[in-house]
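J.: My questions will all concern the structure given below.
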Amino acid sequence: MGTGTAAGTGPAGIGAGVRAPDFTLKDNHGRTVRLSDFRAGPDDDGRNVVLVFYPFAFTGVCTGELGALRDELPTFVNDDTQLLAVSTDSIHTLRIFADQEGLEYPLLSDFWPHGQTSRAYGIFDEDKGCALRGTFVIDRTGVVRWTVVNDLSDARDVGEYVKALAAL
């Protein structure tokens, strides 16, 4: 599966075919979420992960993108797939944002150490202190199979995520 990258972006992010960097982050309810918990194991088939980085809660493009994912939630949260959205906002900000927007999937805080997970995925904008719009489709074994990285102002196409998942 190919890698899509928007023209003009700074960091390009990690590419398809590499092992996704593991992370442990808190979600908008203070629960610990580990990427490795979704990997297949001896007694578990695991789940594919759609990992969506976005700059900030409560901004126009981010609210639109996360709302589009909410509207297609059965595609992204089911027995085969888990959607995880990551920003550098605090868990408290993410809780209010999720409640206000009706987002019923984990919003993960990459707040402290600030941007550590975004940096591991190669999409942290050092000048602005936030993640670029990076999406990584990760298979059950923990390998990145598809990516796209857009500039801060460029929304992503949710339909592309659906195609990437269908190819797994």
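J.: What list of ³J(HN,Hα) couplings, whole Hz, do you get for the range 73-82 from phi and the Karplus terms 6.51, -1.76, 1.60, once you set θ to phi - 60° and write x for glycine and proline?
T.: 3, x, 6, 10, 9, 7, 5, 9, 9, 10
J.: Using modelled amide H (1.01 Å from N, peptide plane; none on Pro or chain starts), what sits under 5 Å from the amide H of A131, excluding residues fewer than 5 places away?
T.: Correct list: T88, D125.
J.: Mind ranking 47-56, 144-153 by how tightly packed they are, going by the mean number of other C-beta atoms within 10 angstrom, highest first?
T.: Working: 47-56: 23.0, 144-153: 20.6.
Highest mean packing first, the order is 47-56, 144-153.
J.: Right, something else. For the range 52-94, what log10 I(q)/I(0) values come out of the Debye formula at q = 0.31 1/Å, with one point per alpha carbon and no solvent?
T.: Treating every Cα as an identical point scatterer, log10 I(q)/I(0) equals -1.12.
J.: Then there's this: Ranking request for peptides 17-23, 115-121: highest mean number of other beta-carbon atoms within 10 Å first, then the rest in descending order.
T.: Working: 17-23: 15.0, 115-121: 19.9.
Output ranking for 17-23, 115-121: 115-121, 17-23.
J.: To continue, here is another question. Report Rg(Cα)/(2.2 N^0.38 Å) for the range 13-109, keeping two decimals. Before the final figure, lay out each step's value.
T.: Working: Rg = 13.5 Å, N = 97, 2.2 N^0.38 = 12.5 Å.
Dividing the Cα radius of gyration by 2.2 N^0.38 Å gives 1.08.
J.: A further question on this structure: Over the alpha-carbon set of the range 43-168, work out the extent along each principal axis and list the three values in angstrom, largest first.
T.: In descending order, the Cα extents are 38, 30, 29 Å.
J.: Considering only the other residues whose Cβ falls under 12 Å of the Cβ of K26, what net charge follows from Lys and Arg at +1 and Asp and Glu at -1? Intermediate values should be presented prior to the final figure.
T.: Numbers: positive: R31, R34, R95; negative: D27, D89, D110.
Here the count lands on 0.
J.: State, to one decimal in nm, how far the label point of R34 lies from the label point of A68, with both points 7 Å from Cα in the Cβ direction.
T.: 3.3 nm
J.: Give the percent of DSSP beta bridges with both residues in the chain that are antiparallel, rounded to the nearest 5.
T.: Details: 19 of 31 bridges.
About 60 percent, rounded to the nearest 5.
J.: A follow-up question, please. Can you list the residues, at least 5 places off or on another chain, whose amide H is less than 5 Å from the amide H of G46, using H built in the peptide plane?
T.: G41
J.: Under 10 Å, Cα contacts only: if you run a Gaussian network model on the chain, which one of T75, T32, T93 comes out with the highest mean-square fluctuation?
T.: The residue that fluctuates most here is T32.
J.: Of R156, R133, R31, which is the most mobile in a GNM of the chain whose springs link Cα atoms less than 10 angstrom apart?
T.: Comparing R156, R133, R31 in the GNM, the peak value goes to R31.
J.: What is the set of long-range amide H partners of V143 at a cut-off below 5 Å, with H atoms built 1.01 Å from backbone N?
T.: Counting only residues 5 or more places away or on other chains, the set is A20.
J.: Can I ask one more? How large is ³J(HN,Hα) for each residue in the range 156-168, as worked out from phi by the Karplus curve 6.51 cos²θ - 1.76 cosθ + 1.60 (θ = phi - 60°), to whole Hz, x for Gly and Pro?
T.: Those phi angles translate into 9, 9, 4, x, 5, 5, 4, 4, 5, 5, 4, 7, 6 Hz.
J.: Given a 1.4 Å probe and every protein chain left where it sits, what share in percent of the accessible area of the chain is carbon and sulfur? All intermediate terms of the calculation are to be shown ahead of the outcome.
T.: Values: 3820 of 7580 Å².
Carbon and sulfur together cover 50 percent of it.
J.: With +1 on each Lys and Arg Cβ and -1 on each Asp and Glu Cβ, and nothing else charged, work out how big the dipole of the chain is about its Cα centre, in Debye to the nearest 20. Before the final figure, lay out the partial values.
T.: Numbers: 15 positive and 24 negative charges, 68 e Å.
For the chain, the charge dipole is close to 320 debye.
J.: Still on this model: Testing the spin-label approximation: label points 7 Å from Cα along Cα→Cβ at A155 and F58. State their distance in nm.
T.: 2.1 nm
The values are calculated or read from the model by the stated rules, or taken from the named source; none is laboratory data. Treat the numbers as computed from the prediction; the structure is a model and nothing was measured. Cβ: placed from backbone, ideal geometry, glycine included. Neighbour counts: every protein chain shown. We work out accessible area using only protein heavy atoms, side chains counted, and drop any ligands, DNA or RNA first. Shrake-Rupley method; radii C 1.70, N 1.55, O 1.52, S 1.80 Å.
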